[in-house]
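Asker: The following block contains the structure, expressed as structure tokens.
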Amino acid sequence: KQWYQRRVAITAGYPIMLWTLLIILVAGLLSGLSVNLWQIMVCRALVGVGEGLGAGPAATFSAEIPTIKYRSLSMTSVGIGWGLGTALSSGLAYLTLEPYGWKGYLIVLALMCSPVLILLFFIRESP
């Protein structure tokens, strides 16, 4: 890589991923604490913006961090992870909706991105 390509990846990629996770976490928590329809609509829209902005850097990290030998496995894992996350959130809804209601479910969903946010600080710089 040229020095300017690496500089853009370092200065843009990690902060974008950090900000998208923070948007998802904060907007998800606020959607669980919302008291009317407009608040939940705005908060869920912000969660969607965070998800959309985070998809590109997630795929980029999975492509540039592993060696060439494991790159295809890493990229496939990202795609499988989206589907698996969707399926697991349905199971989580089954477990949390009745005892805690939809607000509790949305708060638990938001808190699920916290481990990823912490792990982001341990991702090594791309080669």
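The values are calculated or read from the model by the stated rules, or taken from the named source; none is laboratory data. Owing to the predicted nature of the structure, the values given are computational and were not obtained by experimental measurement. Positions of Cβ are generated from backbone atoms using ideal geometry, with glycine treated the same way; all protein chains shown enter the neighbour counts. To get the accessible areas, we keep the full protein, side chains included, count just its heavy atoms, and leave off ligands, DNA and RNA. Shrake-Rupley method; radii C 1.70, N 1.55, O 1.52, S 1.80 Å.
Asker: Out of curiosity, is Lys103 farther than 16 Å from Gly32 by Cα and either part of a helix (DSSP H, G or I) or touching a strand residue (DSSP E or B) at 6+ places or on another chain (Cβ under 9 Å) (or both)?
Answerer: no
Asker: When you scan region 55-70, do you find a residue that is polar (S, T, N, Q), open to solvent by less than 50 Å² (accessible area, probe 1.4 Å) and assigned to a helix (DSSP H, G or I), even just one?
Answerer: Looking for residues that are polar (S, T, N, Q), open to solvent by less than 50 Å² (accessible area, probe 1.4 Å) and assigned to a helix (DSSP H, G or I), one finds at least one in region 55-70, hence yes.
Asker: Mind checking which residues of region 81-117 are within 14 Å of the chain's Cα centre (by Cα) and exposed (fewer than 10 other Cβ atoms within 10 Å of the Cβ)?
Answerer: Hits for region 81-117 are Gly83, Thr86, Pro115.
Asker: Among the residues of region 26-54, which ones are open to solvent by less than 70 Å² (accessible area, probe 1.4 Å), of a type in the set (Val, Ile, Thr) and more than 11 Å from the chain's Cα centre (by Cα)?
Answerer: Answer for region 26-54, where residues must be open to solvent by less than 70 Å² (accessible area, probe 1.4 Å), of a type in the set (Val, Ile, Thr) and more than 11 Å from the chain's Cα centre (by Cα): just Ile40.
Asker: If you check Gly83 against the conditions, is it closer than 22 Å to Leu30 by Cα and either small (Gly, Ala, Ser) or in a helix (DSSP H, G or I) (or both)?
Answerer: Here the answer is no, as Gly83 does not meet what is asked.
Asker: Report, ordered by the first and then the second residue, all pairs with beta carbons closer than 9 Å, sequence separation of six or more or different chains, a first member in region 105-123 that is at pLDDT 85 or above, and a second member that is of a type outside the set (Ser, Thr, Tyr) and assigned to a loop (DSSP other than H, G, I, E, B).
Answerer: Leu106/Leu33; Ile107/Leu33
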